[in-house]
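Data first, discussion second: the structure below is written as structure tokens.
Just so you know, all these numbers are worked out from the coordinates, no wet-lab data involved. A quick note: this is a predicted structure, and the numbers were derived from the prediction, not measured. Here the Cβ positions follow ideal geometry from the backbone for every residue, glycine too, while neighbour counts run over all protein chains shown.
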Amino acid sequence: MTLLEFASGPGLQWALWIFVFGITWRVVGAVFLLARKDLSKPRHRNTVRAGLGAVLSRSTPAHAFEKKIRFQHFTGYAWHFALFISVLFFAPHILFFKSVLGFSWPHLPNTIIMVTAIIATAVLIALLVRRATHPVQRFISNADDYISIFVVLVPLVTGILAFAHFGARYETLLAIHLLSVEAMMIWFPFGKLMHTIMTMPARFQAGTAFGRRGVKA
Amino acid sequence: MGATGSRQSGKPVSSIDAIPVTAEVVTGNVAPLLHEVRHALKRLADGKDGTVIDLQCLPLAPGEEERIEEVLGQGEVRAEIDALGPTIIQETSYPGVWLVTHRNTEQAVVGRFIEVTHIPELLKSQQADIENGANRLENELKN
Amino acid sequence: MRNDQFLGEYLRMQGVSRRGFLKFCSATASLMALPPSAVGQVAEALATARRPSVIWLSFQECTGCTESLTRSHAPTVESLIFDAISLDYHHTLQAASGYGAEEARMAAMEENAGKYLLVVDGSIPLGNPGFSTIAGISNLDMLKETAENAFAIIAVGTCAAFGGLPRANPNPTGAVSVSDIITDKPIINVSGCPPIPVVITGVLAHFLTFGTIPELDALGRPAAFFGQNIHDRCYRRPFYERGQFAETFDDEGARKGWCLYKLGCKGPTTYNACATLKWNGGTSFPIQSGHGCLGCSEPNFWDKGGFYDPLSAGMWGSRDALLGAAAAGAALGVGSALAARSRKKKAQAAEEV
């Protein structure tokens, strides 16, 4: 079995199983750990609006911090935006998602994807360097942070190299890219990458909890 | 095939020629090739050696070979050789630039070259053939 | 057929003029992807080359490789190269049969010991020697016997080079490739299902000209023909870059000649000369005719996912298995949450006491 046959066959199979198993475990576990019914009298019954409001309001910096964290704010959005476009709108990726999910969506031309992928990689490296050198960031960062960044950075870099046919034979580059994505999928349920799934629901939940008491979150 | 993408009017076509084929594809190899010919012609004009360019080792999209022929045009000389199938040697509208097309006895193309030279090698009579011919003529006239 | 004859002399005797010979060398050099400046060297080498003896063994094959090579009935440059070799044994092309044919093979092997070329097409079944025999001799035995004193072996077609169709899952005959059996001779794998005819003759032409085997890639294939992948030489590549794909075989995109990646084209991982040399004397190749590349020059191409499944879909198994994994995860989630809750309750209860 060649490296590429393993990476697109059993490797991918196991990674998908662990990915799906792990995420379901954590999400279902979190749902079943939700606080018991609040028996106090609510100020507002319809808390959905409050929840959505919290999702929006916590997606931008608090007014007092706006100027100070402008750098993180913009680079954070640039990074996520560039990543989503590169991952979700590249035609070969969409074909993979289609094989898993059963449906697909329109794609963007390859040159646009190449630009966003390079932007995403550059921004991620810049943020990684900042995390490792800024005194406060360094102090509060742990292994989880670095591993989570690393397992996303390697697929980006190897994806660009594979697309450009640069560095080794195409099959080798493609196999390494697939293996790095599999590593990310295996790490995903067990580290900070779960913020992908947890963040918006968590903001919503905080919003509803406050909204019930009539407090703006 | 379950179609999920765009599927335009599925009208059946009446014959294979009715299927419109439009290839709007360029390899980008036409211009560099013509410049190579330009450089070779300049060298020849300066008294240096000729050059042979193999057209079959470059990927060319459908229509691009015709484009090259169109640009080079046709000149004063057109020779047809009959050896292991026909070979056409056409001097282009640029003297010194010859288009050589080798075909086998089944008319399939087996070689295409642009020769930048005073006269393509294959147009000259070959020494071995001349010697054989001399012997033959001698024998022919003896009888 | 005299094997000690010079090739140049042989061609002259066939009525080929020096001019014709030069045309032949020009086309041959182009075939071998040599620069035009090498034609003189090719002419000199071919004129003084000796006609090598070639023994062609056909094992578990469909004869497509021989058909690919010998389709034409009139002499072509390719067939002239083929005629230039002394083909001393070939099931489909030889006139002899029975004991006479086998004796001819043994005689050729003896007379040219150490110098003859062995060409093999078809895979060799190891499951049971009786699955494929010639004159009562199993393929395995005949291969070993004939390879012993050969100069080099050319494995023609994906079956001989990598096992091919017989080797596809579940491989009922235990088919293997030539290189799985012979390990002490140089083997040139000319893969493809079938290989492009000019690739076969190009390898022979190289051998005639230089007397050596050409440069090979990691899979033992001649680098001159298998060095580039189809994707990098495909004329539809600009459509791939622009994201213009055919979604079905008869939609707008297909009619406009757009990229066939979504319809399962294996071009990006396939190495062959189809995109440049093409088939039927440069007429067309599968992609130009509207069908994605099958990857037929690669090992195990029959088992690398469906011909119509896109490359990036992978071969990761079934969605049912994923749903099973999700169910297992959900079960663990519920279990661990409930366990955590009961631990908390117990701790609270213990505290209140």
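Odds and ends about this structure:
- Remark: the range B:60-69, residue by residue, has Karplus-estimated 3J(HN,Hα) of 10, 6, x, x, 6, 5, 4, 5, 4, 4 Hz, where x stands for each Gly or Pro and the curve is 6.51 cos²θ - 1.76 cosθ + 1.60 at θ = phi - 60°.
- For C:LYS115, the aspartates and glutamates whose Cα comes closer than 17 Å to its Cα, not counting residues fewer than 8 places off in the same chain, are C:ASP4, C:ASP88, C:GLU145, C:GLU148, C:ASP184.
- Integer Hz, Karplus 6.51/-1.76/1.60 couplings in order for the range C:265-280, x for Gly and Pro: 4, 9, x, x, 10, 10, 10, 6, 9, 4, 6, 9, 7, 6, 10, 6
- Of all DSSP beta bridges confined to the range C:52-223, the antiparallel ones make up roughly 25%.
- Site pair A:LEU39 and A:MET1 shows an inter-label distance of 5.7 nm when each label is modelled 7 Å from Cα along Cα→Cβ.
- Of B:LEU137, A:LEU128, C:LEU11, the sequence from fewest to most neighbouring Cβ atoms within 10 angstrom is B:LEU137, A:LEU128, C:LEU11.
- For C:300-309, mean number of other protein chain Cβ atoms within 10 Å: 2
- Computed from backbone phi with θ = phi - 60° and the Karplus coefficients 6.51, -1.76 and 1.60, the 3J(HN,Hα) list for the range C:39-48 is 4, x, 5, 4, 4, 5, 5, 5, 4, 9 Hz; x is used for glycine and proline.
- Across A:LYS98/C:LYS266; B:LYS48/C:LYS23; C:LYS185/C:LYS266; C:LYS144/C:LYS266, pairs whose alpha-carbon gap is larger than 28 Å: C:LYS185/C:LYS266; C:LYS144/C:LYS266
- Bridges between two residues of the protein assembly as shown, per DSSP, are antiparallel at a rate of about 60%.
- Residue among C:SER336, C:SER138, C:SER123 with the largest mean-square fluctuation in a Gaussian network model of chain C, springs linking Cα atoms under 10 Å: C:SER336
- Peptide C:318-327, shielding by other chains (average Cβ, 10 Å cutoff): 4
- Each of the peptides C:139-152, B:61-74, C:322-335, A:10-23 was scored by the mean count of other Cβ atoms within 10 Å over its residues; in descending order, highest first, they stand as A:10-23, C:139-152, C:322-335, B:61-74.
- Relative to one another, the C-alpha centroids of the range C:243-309 and the range A:105-123 are positioned 25 Å apart.
- Neighbouring Cβ atoms from other chains, within 10 Å of the Cβ of residues in C:29-37, number 4 on average.
- Placing R0 at 25 angstrom, the Cβ-Cβ distance between B:ASN135 and B:ALA79 gives a FRET efficiency of 0.45 after rounding to 0.05.
- Cysteines in chain C lacking a second Cys C-beta under 4.7 Å: C:CYS25, C:CYS62, C:CYS65, C:CYS159, C:CYS234, C:CYS259, C:CYS265, C:CYS274, C:CYS293
- Computed label-point distance, nm, for sites C:ASP180 and C:GLU252 using a 7 Å Cα→Cβ extension: 4.9 nm
- Of all DSSP-defined beta bridges confined to chain C, some 35% are antiparallel rather than parallel.
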